[in-house]
1. Take Leu59 and decide whether it is in contact with a helix residue (DSSP H, G or I) (Cβ under 6 Å, 6 or more places away or on another chain), open to solvent by less than 60 Å² (accessible area, probe 1.4 Å), modelled with pLDDT of 95 or more and under 30 Å from Val198 (Cα atoms).
2. Can you name the residue in the range 78-121 that is under 19 Å from Ala18 (Cα atoms), outside any strand (DSSP E or B) and small (Gly, Ala, Ser) and is also least open to solvent (accessible area, probe 1.4 Å) among such residues?
3. Which of the helices (runs of 4 or more DSSP H) contained wholly in the range 1-53 include at least 2 residues that are open to solvent by less than 50 Å² (accessible area, probe 1.4 Å)?
4. When Leu187 is evaluated against the numbered criteria (1) open to solvent by less than 60 Å² (accessible area, probe 1.4 Å); (2) in a helix (DSSP H, G or I); (3) within 20 Å of Glu117 (Cα to Cα); (4) among the hydrophobic types (A, V, I, L, M, F, W, C), which criterion, by number, is the only one it fails?
5. Could you go through the range 48-55 and let me know if any residue there is out of contact with any Leu (no Cβ under 8 Å at 6 or more places or on another chain), at pLDDT 95 or above and at negative phi.
6. I'd like to know if the range 158-178 contains one or more residues that are hydrophobic (A, V, I, L, M, F, W, C) and either under 29 Å from Arg69 (Cα atoms) or touching a residue at least 40 places away in the same chain (Cβ under 8 Å) (or both).
Amino acid sequence: MDLDHVGYAAYLPNEDKAFAYSTYPNEWVREFGEKQYHAISPTIAMAREMVSPLDWATLRGNPLYEQLRQDSARYDMPVNGITIPVRGPSQDLGLMALSKHCTDAEWSRIIATSTGEFMLIAAQFHDSFMRHSFNKDTALDDHPPALNDLEKGVLSSLSEGQDIADIATSNGLSVRSCKAALYLVRLKLSAITDEHAVLRARALGLLPSGSKDG
């Protein structure tokens, strides 16, 4: 998947600023800061309150968003994009924005097929940023969550590539119970997807590191 630009911002507890990186043109980054768009941008404001990805197309017609679009167009910034929030166990928050020059129809296809992959990329990047850029462990490292045998079994099966139906069968569960167990695992691990939960569980030693993803 070829994208044109990536932007990332990390918000930490008790910090009044974001730590931001992007592939955007320097001139646009400068204007964005001078006009303090970081404080009024609807993509940022809405994504900070959400747990699901925000497709920029849903903001069309919003006056502030349209103003941003007009200003960014001078720097050949893409119209189509998505902002993905990632919430960490230390009340940290990461926002990753991915954008591409393409038609609305092509973007709709990309969103339909690649949002899950985008979410996992954002989650992995944020986890890595928090560990390495600040040289500190997360709250999960200090106090790893306790997963019961059922939750470990379901997560282990997922890490081995089984789908929900197979996981339910192999663990003697209904599909609904299997989904409920994975939901609780995601909550305990502050994970945004099942795949993210597998990655965090491995990092914490709750799953063997040699398991393979599906």
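The values are calculated or read from the model by the stated rules, or taken from the named source; none is laboratory data. What you are looking at is a predicted structure, and each value in this text was computed from that prediction instead of being measured. Virtual Cβ from ideal backbone geometry, glycine too; neighbours counted across all protein chains shown. The area values use the complete protein model at the heavy-atom level, side chains included, leaving out ligands, DNA and RNA. Shrake-Rupley method; radii C 1.70, N 1.55, O 1.52, S 1.80 Å.
1. Values: in contact with a helix residue (DSSP H, G or I) (Cβ under 6 Å, 6 or more places away or on another chain): yes; open to solvent by less than 60 Å² (accessible area, probe 1.4 Å): yes; modelled with pLDDT of 95 or more: yes; under 30 Å from Val198 (Cα atoms): no.
Spelling it out, it is not the case that Leu59 is in contact with a helix residue (DSSP H, G or I) (Cβ under 6 Å, 6 or more places away or on another chain), open to solvent by less than 60 Å² (accessible area, probe 1.4 Å), modelled with pLDDT of 95 or more and under 30 Å from Val198 (Cα atoms).
2. Gly88
3. On the way: elements: 26-34, 37-40, 42-48.
Answer list for the range 1-53: 26-34, 42-48.
4. Here Leu187 meets the rest and fails (1).
5. Going through the range 48-55, the residues out of contact with any Leu (no Cβ under 8 Å at 6 or more places or on another chain) turn out to be 49-55.
Applying the additional criterion that residues be at pLDDT 95 or above yields 54-55.
So of that shortlist, the ones also at negative phi come out as 54-55.
Scanning the range 48-55, I find at least one residue that is out of contact with any Leu (no Cβ under 8 Å at 6 or more places or on another chain), at pLDDT 95 or above and at negative phi, so the answer is yes.
6. As a first pass, look at the range 158-178 and keep what is hydrophobic (A, V, I, L, M, F, W, C): 158, 164-165, 167-168, 173, 175, 178.
Adding the requirement that they be either under 29 Å from Arg69 (Cα atoms) or touching a residue at least 40 places away in the same chain (Cβ under 8 Å) (or both) leaves 158.
Within the range 158-178, one or more residues are hydrophobic (A, V, I, L, M, F, W, C) and either under 29 Å from Arg69 (Cα atoms) or touching a residue at least 40 places away in the same chain (Cβ under 8 Å) (or both).
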